[in-house]
Amino acid sequence: MDQVLSQQEIDSLLNAYDSGELDEEVIDEEQNDESQAKPYDFRRPTRLSKEYINTLHMIFEDFAKMSGNVLSNILRTNLDMQLASIEQISYDEFIHSIPRVTLIGMFKAAPLKGSHMIEINPQLCMTLVELLCGGADLESNRKNQPPLDKNGFTDIELTLLDEVMGEFSKILQSVWKEVLTLDVELESLETNPQLLQSLSPNEPVVLATFTVQLFGVSTFINLCIPYVSFEGILDKLSLHNWFDSSQELSEDDQSELKHGLNAIDLPMEVVLGNTQMDLADFLKLEPGDVIKLDSKISSPLDTYIEDRPFYWVKPGKKNGQFAIELLSKIEGKKNDGEFNTRTNRCFDEWQ
């Protein structure tokens, strides 16, 4: 801890140094000894190690990215949200660091203990309300506007902001799924932080602060999580366990992976054949003209997925619509020898 010397003490040290009573080497050794000591504030104990904080940093960065995208879609304007800092402080410090009237969403994240809190300052809240109500071109009005001194929120404002907090609950549940499955639910909206009795003043909390850029104005959103929520999941916050490649996929993981892949749209094309013609003949084409292709009607057709051949198929109809029947798999490539062999076998099976 640094010591502030008075002018008299400084003069005494200079005189002692000039007279030779103080040795320069002794002073250097004392300074080196003092540099090894690190200050520690017992009122703000560090409960989570740096490894756990790094894991939370990745989780909260995902939270910032997803929140920025979701809010941009809801508000229909560009909003940038970035993680600014992660601190371990007491609950009392958090309460005294936010405005006396603000918006706080209280979330229950089972099976974790305690309540998670998301605080949005009144300035940002009113901008969100104006945009949700159809306001536009607010950039010129917001840049030079002084800080908002709000005494409370109306029922209509709270109803609109409740929808925004509801989106935060979905995002929280999503970003934590890599660590553990949470059931996040918005319990209530509070506007007076001084009346909150969810935690004792000396209770340690983890405070994540996010910067929000909207219409050229920088504001903050705070996410406060009590330390008691992390007590039972410290082993899951370890980066070694989180990225352990030796862990095998469970049936639920495989089912979720298949479910996610099934939602991907793939273009599928069936080629009847190819031909070449002069441009003059092409320009003379009319409905009813017959074009000769280079394939036989008895030959299977090639089916392409993402411009790669994957199946031989047979054309037909089903329920009054054109359809194809899969005959064989090309597996994405056509080698000459393999292609001819499998083609002949496919023809024999079809015939």
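The values are calculated or read from the model by the stated rules, or taken from the named source; none is laboratory data. Just so we're clear, the structure is a prediction, and the values are computed from it rather than from any experiment. Neighbour counts run over all protein chains shown; Cβ positions are idealised from the backbone, glycine included. Ligands, DNA and RNA are excluded from the accessible area calculation, which covers all protein heavy atoms including side chains. Shrake-Rupley method; radii C 1.70, N 1.55, O 1.52, S 1.80 Å.
Could you tell me what percent of the accessible area of the range 50-114 is made up of carbon and sulfur, with a 1.4 Å probe and every protein chain present?
Ligands and nucleic acids excluded, carbon and sulfur reach 47 percent.
Share of the range 163-279's accessible area from carbon and sulfur, percent, 1.4 Å?
47 percent
With θ set to phi - 60°, apply the Karplus curve 6.51 cos²θ - 1.76 cosθ + 1.60 along the range 297-311 and write out the HN-Hα couplings as whole Hz, x wherever there is a Gly or Pro.
The phi angles translate into 6, 8, 8, x, 9, 8, 10, 10, 10, 6, 6, 10, x, 10, 9 Hz.
So how far apart, in nm, are the two label points at residue 159 and residue 233 if each is 7 Å from Cα heading toward Cβ?
Label-label distance for residue 159 and residue 233, simple model: 3.4 nm.
Viscosity 1.567 mPa s, temperature 4 °C: Stokes-Einstein D of the range 168-210 from its Kirkwood Cα radius, in µm² per second?
Details: Rh = 12.9 Å.
The Stokes-Einstein estimate is 100 µm²/s.
Of 108/258; 284/317; 50/236; 65/177; 236/258, which pairs sit farther than 21 Å apart, going by alpha carbon to alpha carbon?
Values: 108/258 30 Å; 284/317 31 Å; 50/236 14 Å; 65/177 16 Å; 236/258 25 Å.
Correct reply: 108/258; 284/317; 236/258.
Under the rule of at least 5 residues apart or a separate chain, name every residue whose amide H is placed under 5 Å from the amide H of residue 214.
219
Output the relative contact order of the range 252-329, whole-number percent, from Cα pairs under 8 angstrom with separation of 6+ residues.
Numbers: 80 pairs, mean separation 18.7, N = 78.
Once divided by the residue count of the range 252-329, the mean separation gives 24 percent.
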